[in-house]
1. Only one of (1) over 18 Å from the mean Cα position of the chain (by Cα); (2) of a type in the set (Ser, Thr, Tyr); (3) within 20 Å of Gln27 (Cα to Cα) fails for Ser117. Which number is that?
2. If I go through segment 8-48 residue by residue, how many of them are crowded, with 16+ Cβ neighbours inside 10 Å and assigned to a loop (DSSP other than H, G, I, E, B)?
3. From the set of residues in segment 49-69 that are in contact (Cβ under 8 Å) with a residue 40 or more places away in the chain and in a helix (DSSP H, G or I), which is nearest to Thr100 (Cα to Cα)?
4. How about segment 98-129: which of its residues are in contact (Cβ under 8 Å) with a residue 60 or more places away in the chain, of a type outside the set (Lys, Arg) and surrounded by 12 or more Cβ atoms within 10 Å (Cβ to Cβ)?
5. Give me a count of the residues in segment 87-97 that are among the hydrophobic types (A, V, I, L, M, F, W, C) and surrounded by fewer than 20 Cβ atoms within 10 Å (Cβ to Cβ).
Amino acid sequence: MSTMTEVRTENRWTNVMQALWTGVGLQVVCIVLPLLDLWVFGSIGRNVESAYPEWGAGDVQLDRNAIVAYLVAVGGLGLAGWLGALWCAKRDRWVRASVTTLFIIGMSVLAFDAGVSGEAYDRIVPLWLGSALLIIPLFPGVTALLAAWVKAPRR
């Protein structure tokens, strides 16, 4: 009688972790985008100016900075979510629950950010920026979600 032993050399959540690491990298891009807009593109400032043409430059700057700070803070929370899901995957605990919950929460917040309007704003976050911040983390998020729930084929 022979006994067959198999040594596991890789974590069962390897595909999930690859998607999550991709998400971490793209989340950094999502944090930098509002700052690039602040320093280079200026679309948030133009959006504030078009919503409130009677405001002075100081008021426009304050509102623009508040929008950018909010988007960077949401991006930072998103980064914490990606890293938290990675922590779960590395420890082989609550992977499906954490990936699913964080995906639903993250996409809900980003969809809200992309489409919310208020007072004189048609859309508080400019369309290109809101769409980019929604779509960029969508793909690694869906990939991580699928990798967490679909069993990998046996080799």
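Only the coordinates and a few stated rules stand behind these numbers; no lab work does. It should be emphasised that the depicted structure is a prediction, and the values quoted were computed from it without experimental measurement. Positions of Cβ are backbone-derived with ideal geometry, glycine not excepted, and every protein chain shown enters the neighbour counts.
1. (3)
2. 1
3. Once the filter is applied, the top-ranked residue is Ile67.
4. Once the filter is applied, which keeps residues that are in contact (Cβ under 8 Å) with a residue 60 or more places away in the chain, of a type outside the set (Lys, Arg) and surrounded by 12 or more Cβ atoms within 10 Å (Cβ to Cβ), segment 98-129 yields Val99, Ala120, Tyr121, Ile124, Val125, Pro126, Trp128, Leu129.
5. Residues that pass the stated criteria total 3.
For (1) farther than 17 Å from Leu33 by Cα; (2) in contact with a Leu (Cβ under 7 Å, 6 or more places away or on another chain); (3) part of a helix (DSSP H, G or I); (4) of a type in the set (S, T, N, Q), each residue gets a yes or a no:
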position: Ala73; (1), (2), (3), (4): no, no, yes, no
position: Ala80; (1), (2), (3), (4): yes, no, yes, no
position: Ala85; (1), (2), (3), (4): yes, yes, yes, no
position: Cys88; (1), (2), (3), (4): yes, no, yes, no
position: Ile104; (1), (2), (3), (4): yes, no, yes, no
position: Ser108; (1), (2), (3), (4): yes, no, yes, yes
position: Trp128; (1), (2), (3), (4): no, no, yes, no
